Amino acid sequence: MSKSLVLAALAAALFAPSTHAQQAYAGAALGSNGTFRHQAGPGKPQVDDHVLFGKLYGGYAFNDTIALEGGWATFGEAEFASTETGAPFDRSFKVNLVYAALRASHRINDAWSVSAKLGAARHFHRLDTGSEVRRAHDLRPMFGLGASYDLTPHAALTLEFNHYGTARTEDSTVRTHKLEAGVKFSF
């Protein structure tokens with residue numbers, strides 16, 4: 001009985017580092033402001049609106065180097081008044097996206113690490129022209145580079161540059177690349 005207990009303890013000690021490195025994580029980030037430009041029609045004025053970018057994400061680290069990550073990001077709703085655009089109705093534009101990516105990390109020291117990601121992002125556009133609502137979606141490759149600073153073993157500050165791709169609809173082009181600052185928590 002004691003021999004099997006010793007073998008079980010030895011096996012647990014040998015495999016403890018690999019199971020400890022596997023962990024789930026979640027985070028949130030705010031990105032640089034976005035600018036949407038809208039022109040209601042030919043000969044009508046172009047109008048800009050600035051919106052905030054935010055992201056929620058989660059992932060699973062298989063080891064200290066490789067992780068699978070997914071997230072949801074959104075721009076604030078851009079609103080264009082009919083008095084500015086010359087259109088008969090107020091208009092609004094909204095973009096959301098979801099992404100899945102493979103993340104590779106490299107630890108520089110006990111506190112700092114750098115990472116790169118490669119994946120795909122699905123963009124969802126909604127344009128409300130007042131008389132109709134047009135929706136479109138587009139799948140694009142995405143990549144990112146980042147750095148994180150560990151505050152504790154389970155909390156880190158993050159800074160990333162992510163390019164989620166250029167999504168096109170019949171009347172718009174949205175290039176989404178953001179500098180994002182946030183926090184990440186490991187479980």
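Net charge within 15 Å of Gly54 by Cβ-Cβ distance, Lys/Arg positive one each and Asp/Glu negative one each, not counting Gly54 itself? Please report the intermediate quantities before stating the final value.
Numbers: positive: Lys55, Lys94, Lys178, Lys184; negative: Glu77, Glu160, Glu180.
Cβ neighbours under 15 Å give a net charge of +1.
Quick check: the angle from helix 2-21's long axis to the longest principal axis of the chain, C-alpha only, nearest 10 degrees?
30 degrees
From the P(r) of the stretch 107-187, could you give the percentage of C-alpha pairs in the tail past 14 Å?
Working: 2227 of 3240 pairs.
The calculated P(r) of the stretch 107-187 puts 69 percent of pairs beyond 14 Å.
Can you list the aspartates and glutamates whose alpha carbon sits under 20 Å from that of Lys44, skipping same-chain ones fewer than 8 residues off?
Within the straight-line limit of under 20 Å, Lys44 reaches these aspartates and glutamates: Glu79, Glu84, Asp90, Asp128, Glu132, Glu170, Asp171.
When only Cα pairs under 8 Å and 6 or more residues apart are kept, what is the percent relative contact order across the stretch 68-116? Mind showing how you got there, number by number?
Working: 65 pairs, mean separation 18.2, N = 49.
Taking the mean separation of contacting Cα pairs over the length of the stretch 68-116, I get 37 percent.
Would you list Glu69, Glu77 from fewest to most Cβ contacts within 10 Å? Spell out each step's value before the answer.
Working: Glu69 20, Glu77 14.
Result, fewest neighbours first: Glu77, Glu69.
Convex hull over the Cα atoms of the stretch 23-186, averaged projected area in nm²? Don't jump to the answer; show the numbers that get you there.
Working: hull surface 37.4 nm².
Over all viewing directions, the stretch 23-186 projects a mean Cα-hull area of 9.4 nm².
Relative contact order, percent, of the chain when contacts are C-alpha pairs under 8 Å separated by at least 6 residues? List each step's numbers first, then the result.
On the way: 457 pairs, mean separation 32.3, N = 187.
Dividing the mean separation by the residue count of the chain yields 17 percent.
If a paramagnetic tag sat 7 Å from the Cα of Val98 along the Cα-Cβ line, which residues of the stretch 127-156 would have the backbone N under 14 Å from that point?
Residues 137-140 qualify, since their backbone N sits under 14 Å from the label point.
I need to check one value: relative contact order of the stretch 20-90, counting alpha carbon pairs closer than 8 Å and at least 6 residues apart, in percent.
Numbers: 139 pairs, mean separation 23.9, N = 71.
Relative contact order, the stretch 20-90: 34 percent.
Which residues' amide hydrogens lie under 5 Å from the amide hydrogen of Thr65, considering only partners 5 or more residues apart or on another chain, with H built in the peptide plane?
Close amide H contacts, sequence-distant or interchain: none at all.
Suppose the chain between Ala111 and Asp64 were pulled fully straight at 0.36 nm per residue; how much longer would it get relative to their current alpha carbon spacing?
Between Ala111 and Asp64, full extension yields 15.6 nm more.
Would you kindly derive the ³J(HN,Hα) couplings of the stretch 75-89 from the backbone phi angles with the Karplus curve 6.51 cos²θ - 1.76 cosθ + 1.60 (θ = phi - 60°), listing them in order in whole Hz, with x for Gly and Pro?
Per residue, the Karplus-derived 3J(HN,Hα) values read 8, x, 7, 7, 10, 10, 6, 4, 5, 8, 8, x, 7, x, 10 Hz.
List the lysines whose Cα lies under 27 Å from the Cα of Lys55, skipping any in the same chain that are fewer than 8 positions away.
Lys94, Lys117, Lys178, Lys184
Once the Cβ-Cβ distance between Leu157 and Ser82 is put in as r, and R0 is 41 Å, what FRET efficiency do you end up with, to the nearest 0.05? List each step's numbers first, then the result.
Working: r = 43 Å, r/R0 = 1.05.
It comes out at approximately 0.45.
If you stretched the chain out fully between Phe187 and Phe89, how much longer would it get, using 0.36 nm times the residue separation minus the C-alpha to C-alpha distance?
Working: separation 98, 0.36 × 98 = 35.28 nm, distance 4.86 nm.
Taking 0.36 nm per residue and subtracting the Cα distance, the gain is 30.4 nm.
Computed from the coordinates by the stated procedures, all read-outs in this text should not be read as laboratory data. Worth saying up front: this structure is predicted, and the values here are computed from it rather than measured. Note: ideal-geometry Cβ built from the backbone for every residue, glycine included; neighbour counts use all protein chains shown.
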